[in-house]
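Structure first, commentary second.
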Amino acid sequence: MNTILNYGSCCIDHVYQVQHFVAAGETLPGTDYAVFPGGKGLNQSIAIARANGCVIHAGKIGQDGTWLKDQMHNAGVGLDHLLVSDSNTGHAIIQISRSGDNAIIIYGGTNREILASETTTFFADCAKGDLLLLQNEVSCNETAILNAKDRGMQVGFNVAPMTADVFDLPLDLVDYFVINENEGRALAATEDLETVPDRLLEQYPNCKVLLTLGEQGSWYKDATIEIRQAAFDVNMVDSTGAGDTFTGYFFAALQSGTSTQQALTRASAAAALSVTKAGAATSIPSADAVDDFLQSNPI
């Protein structure tokens, strides 16, 4: 794996601390409010860069989101294919409960306005052996997958959020499915989590399945190997962005030539560190912080 092209979303996260998630018909006072950089694409690009990976971010922001570009640039993300338009940048409304769990509403904005012709230009500098990383928060994912495969690239798809139109994509061309429990059940059309990897491998024999399971760790399976990775025990403050941190660190580790087991362990450590701080992109740890954590927290 050489360069990672992350075609993904950029969002402005509006984060509210609440006693519990608001219910239908309820007016709930927030105990705190903050604005953070976010979007699954942005988070994963920053995670790859902080893990010392080589990543180029492709996508679109509005004039109101130019500060997001600065955030990625400062982290070391390549930005030659980040477009700027006059529309509103995507944003998210995030509730954080006292337990640290989150509930999120996403507005697509510029992320959903990317044209197929624009998507095609993102691949000008890509080559065989590179990786296209996708999430489900932007338009024209099908065009991106087909362009990647035309160039001999691998495709990693973080199927989030999981929506019905995912099944319209050429999923047989995906090399890595990165999914949480709910996304896995929906993608594999089963309520039995234990059968999710096998069902996906039956349907897409060449794929690799990576399930992120929160406090239960992670589970990787492909046609030849199966690995269950335990989670690290930490005090959770905010789980927002933990999955993105995991995904970014996992692919950055593979890019560096480590084994799948080493990639899972490193990604788990990075995700554990991320939940000890507030915010999504702002909570992603540096590679040095992950090294120090692993030395003092062997698993």
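Values in this text are rule-based calculations from the coordinates and carry no lab data. Being a predicted model, the structure only gives us computed values, none of them experimental. Using ideal geometry, Cβ is built from the backbone for each residue, glycine included, and neighbour counts are taken over all protein chains shown.
Some notes on this structure:
- The trypsin sites (Lys or Arg not before Pro) found in segment 122-191 that occupy coil by DSSP, while having at most 10 further C-beta atoms within 10 Å, are LYS128.
- Difference of contour (0.36 nm per residue) and Cα-Cα distance, SER85 to GLU202: 37.9 nm
- Alpha carbon convex hull of segment 219-292, projected area averaged over orientations, nm²: 4.9
- Radius 15 Å from Cβ of ALA252, net charge of other residues (Lys, Arg +1; Asp, Glu -1): -2
- Antiparallel DSSP beta bridges within the chain, percent to nearest 5: 40
- With a cut-off of 13 Å between beta carbons, the residues surrounding GLY279 carry a summed charge of -3, where Lys and Arg count +1 and Asp and Glu -1.
- Proxy reagent accessibility, fewest Cβ within 10 Å first, across ASP64, ASP222, ASP150: ASP150, ASP64, ASP222
- Under the Debye formula (equal points on every Cα, no solvent term), log10 I(q)/I(0) of segment 19-127 at q = 0.18, 0.22, 0.23, 0.24 Å⁻¹: -0.96, -1.22, -1.28, -1.34
- Lysine-lysine proximity count for segment 4-287, Cα under 15 Å, sequence distance 8 or more or distinct chains: 5
- For GLN229, neighbours were defined as the other residues whose beta-carbon sits under 13 Å from its Cβ, and their charges (Lys and Arg +1, Asp and Glu -1) total +1.
- Per-residue extension of 0.36 nm, minus the Cα-Cα distance of THR31 and LYS128, leaves a gain of 29.9 nm for this segment.
- Exposure proxy order (Cβ contacts within 10 Å, fewest to most) of VAL84, VAL290: VAL84, VAL290
- Shape call, segment 112-157: gyration tensor on alpha carbons, a/c limit 1.5: oblate
- Packing-based order for 176-183, 66-73, 163-170, 130-137, using average beta carbon neighbours within 10 Å, highest first: 130-137, 176-183, 66-73, 163-170
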